[in-house]
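Okay, so here's the structure we're looking at.
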Amino acid sequence: MKAAAVYPDKKSLGVVADYPEPKIESPTGVKLRVLNVGVCGTDREIASFLYGTPPEGSEYLVIGHECIAEVVEVGAEVDDVKPGNLVIPMVRRPCDSKECIACRAGRPDFCYTGQYRERGIMKMHGFMTEFVVDEERYMNMVPATIRDVAVLVEPLTIAEKALLQVNQIQARLPWRHRAALVLGAGPVGLLGAMTLAVHGFEVTVYSKDREPNASADIIKAIGGKYISALDNTVEQMAAAIGDIDLVYEATGSSQLAFDVLPLLGPNGIFVLTGVPGHHGPRPFDKDAAMHNMVLKNQCLLGTVNAGKDSFQRAVADLGEFNVRWPKAVRGLITGRFPIDDFAQPIQNQNGIKNIIEIGQ
Ligand SMILES: [Zn+2]
Ligand SMILES: [Zn+2]
């Protein structure tokens, strides 16, 4: 069977032709036929050999972590998942440390040791292949009504985990003031904008490109506002919004994030989701930042990965997006490639979300 792989030592990408088909080896195991796998910035970084670690003893890492699959077989002790079900497998697996209370509590997304494993990223093969075996507890069922867009569930969990935390922090206020600013109009930004819109925020997206462009069209279709960074400074953009209650950063640009931080409104929350490259130290007005954050009751929050609660909310919200904005959701998927051409969308970023079509 075929699998899309990265060879970190040889610094190359290739399709493994004879990747062994996995068998169910535990009574709680499930076997999946992979339908679609999304490509994202993480895959791009792995394919640039910045990170990504093969499992022990393997010269390659099978990539792919944004997966929708159909269950084809289940172990003797599997209760809820049945053959024919559509599922989204989770990505992160717990570390082995007895002391890691997060992993021991089933929340490796809050792992303390950093020794977790991730399918398609860190010490475990991923999903960009024909069949996969995994454990039932990592499966999240999706209804057939969103089968064609369910590959977006995993990237959507970033916004869902952020919003779960934002809701906890905003619970400190007895009122709701809900002006949200999303930085970036790539897949993470657009899915974040949709999530915030569905949950009652007024959404403005600030991104580079001038209109018209496909991302701006999607934002307007969901009732959001689009502001181009080419024509508006961060100050002009912030003035157009008024008090900003929430910033959802989805660019990975530390420069932009910390240019916008001083513009966060009173009692505001600033969520960082991007992972920047290392560009060396740059000047930053620490006194002004600390002054603002204290006197305005502000919160700066970094968030990564997601728990089962976020996956469940992502499935529910994607269903809601599909009802409200069927065309806009489908507009997020701009390219479809066969597994033999998996390197193409990884090496040449084009459009919004590219996916690899493996099964039907
Ligand atoms: Zn991803
Ligand atoms: Zn852990």
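Of the GluC sites (Glu not before Pro) found in region 1-80, those in coil by DSSP whose Cβ has at most 13 other Cβ atoms within 10 Å are 25, 56, 59, 77.
By the scheme Lys and Arg +1, Asp and Glu -1, what is the net charge of all other residues having a beta-carbon under 10 Å from that of residue 256?
Net local charge, residue 256 excluded: -1.
Applying the criteria of a DSSP loop state and at most 13 other Cβ atoms within 10 Å to the chymotrypsin sites (Phe, Trp or Tyr not before Pro) of region 27-66 yields 51.
From the largest down, the chain spans 57, 48, 42 angstrom on the principal axes of its Cα atoms. Basic side chains Lys and Arg get +1 at the Cβ, acidic Asp and Glu get -1 at the Cβ, and with that the dipole of region 1-117 about its Cα centre reaches some 200 debye.
Computed over neighbours whose Cβ is under 11 Å from that of residue 313, the net charge equals -2, Lys and Arg +1, Asp and Glu -1.
DSSP beta bridges fully contained in the chain are about 55 percent antiparallel. Within the full protein context, the accessible area of residue 231 is estimated at about 90 Å² for a probe radius of 1.4 Å.
Can you classify region 252-294 as rounded, prolate or oblate using the Cα gyration tensor, where a ≥ b ≥ c are the square roots of its eigenvalues, rounded means a/c under 1.5, and otherwise it's prolate if a/b beats b/c and oblate if not? Cα axes put region 252-294 in the oblate bin.
Taking only the C-alpha atoms of region 196-278, the Rg (one decimal) and the largest Cα-Cα distance, Dmax (whole number), read 12.6, 36 Å. The residues packed around residue 327, meaning those with a beta-carbon under 13 Å from its beta-carbon, carry a net charge of +1 if Lys and Arg are +1 and Asp and Glu are -1. Of the heavy-atom accessible surface of region 157-272 (probe 1.4 angstrom), what whole percent is carbon and sulfur? Answer for region 157-272 is 54 percent, counting heavy atoms of protein chains only. Reported to the nearest whole Å, the Cα centre-to-centre distance from region 53-115 to region 154-227 is 28.
Can you flag which of 23/98; 23/308; 82/161; 220/353 are past 23 Å Cα-Cα?
In this structure, 23/98; 23/308; 82/161 lie more than 23 Å apart at Cα.
Across the chain, the mean sequence separation of Cα contacts (distance under 8 Å, 6 or more residues apart), normalised by length, yields a relative contact order of 19 percent. From helices alone, the chain scores -8000 deg cm²/dmol at 222 nm; the rule is -39500 (n - 2.57) for each run of n ≥ 4 DSSP H residues, then divide by the residue total.
Taking square-rooted eigenvalues a ≥ b ≥ c of the alpha carbon gyration tensor, is region 209-360 rounded, prolate or oblate, where a/c under 1.5 means rounded and, failing that, a/b exceeding b/c means prolate?
Since a/c reaches 1.5 and a/b is larger than b/c, the shape of region 209-360 is classed as prolate.
The values are calculated or read from the model by the stated rules, or taken from the named source; none is laboratory data. Only a predicted model underlies this, so the values are computations on that prediction, with no experimental measurement involved. Note that we place each Cβ from the backbone using ideal geometry, even for glycine, and neighbour counts take in every protein chain shown. Accessible surface is based on the protein model in full, side chains and every heavy atom, while ligands, DNA and RNA are left aside. Shrake-Rupley method; radii C 1.70, N 1.55, O 1.52, S 1.80 Å.
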